[in-house]
Amino acid sequence: MKLQLKTIVLVLLALGLGSFVYIHETRILPQREATKSQAKKIFNFTKDDVQAFSIQTQTETLKFERLPLQDGNQQLLLQWQMKSPKDVQANDASISFLLTLLANGKQERFFLAPPEKLSEYGLDKPLATVEITLKDQQTHQLILGKPDFNRSFLYAQIDPPTPKPNQIEVLLVPIEFEYAVKRSLSEWEANQDQKTDKNKLNQPTKSSPTPSL
């Protein structure tokens, strides 16, 4: 009798395991793969489309703007200028790193959460809020929260609607955004070599002297 009971239990366990495997392979895995395949760009603009942006953290707000610059041959160039908290030339490498992420970064997946749950993702007191202004005057906003459990991604919101809906879309974006916005003020300023190069461009070219007859 005991042997028969054990056999029945083993059969039921096998059936349960088989059902779990079937559901996992036919429903859960396809859903996960579909989520991965749906990964898309966070924004639909290029680096060159960006005219200005700001980064607001819990301690400071930085503002940057792309300004015209003329070289000695009167060709119009553009350079990034920090406008706040200091009015100085910006560091090209730091700017380029962030703009590349904004223009090319992809959202891994998204889910819906009620507004009262935003604190769980660090979106009530964000790591940073990035405001972007394009050359055509369109604006976008990226709100960066805290990292996920294994620090592979950051929780984020893009262009949050006003007023807040009952369910808010939360994204997972590359963890590199954390490194792109968490910089000291000196890292946003142009280094001495960059300043020298730009100053050279501002100098007019010298025309060749006319030989005397």
Original post:
By how many nm would the segment from ASP148 to GLU60 lengthen if fully extended, with 0.36 nm per residue of separation less the alpha-carbon distance?
Top reply: 29.3 nm
**OP:** Report, by chain and number, residues whose modeled amide H sits under 5 Å from the one on ASN91, excluding near sequence neighbours (fewer than 5 apart, same chain).
**Re:** GLU189, ALA190
Original post:
For labels at ASN166 and ASN191 in the simple 7 Å Cα→Cβ model, what's the distance in nm?
Top reply: 5.5
Subject >> Built amide H within the under 5 Å cut-off of ARG109, gap 5+ >> reply: LEU172
**OP:** Just grab the label-to-label distance for GLU116 and ALA93, each label 7 Å out from Cα along the Cβ direction, in nm (one decimal).
**Re:** 4.8
**OP:** For LYS182, list long-range residues whose amide hydrogen, built 1.01 Å from N in the peptide plane, is under 5 Å from its own amide hydrogen.
**Re:** none
Original post:
Could you give me the ³J(HN,Hα) list for the range 57-66, computed from phi with Karplus coefficients 6.51, -1.76, 1.60 and θ = phi - 60°, whole Hz, x at Gly and Pro?
Top reply: 10, 6, 10, 7, 10, 10, 10, 10, 9, 8
Subject >> Listed residue pairs exceeding 18 Å between alpha carbons, taken from LYS83/LYS125; LYS146/LYS182; LYS40/LYS135; LYS63/LYS164 >> reply: LYS83/LYS125; LYS40/LYS135; LYS63/LYS164
Original post:
Between LEU77 and GLN141, what FRET efficiency comes out of the Förster formula 1/(1 + (r/R0)^6) with R0 = 35 Å and r the beta carbon distance, rounded to 0.05?
Top reply: 0.75
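Read-outs throughout are calculated quantities, based only on the coordinates presented, and are distinct from any laboratory measurement. These numbers were taken from a predicted model, which means no experiment stands behind them. Every residue, glycine among them, receives a Cβ derived from its backbone with ideal geometry; neighbour counts consider all protein chains shown.
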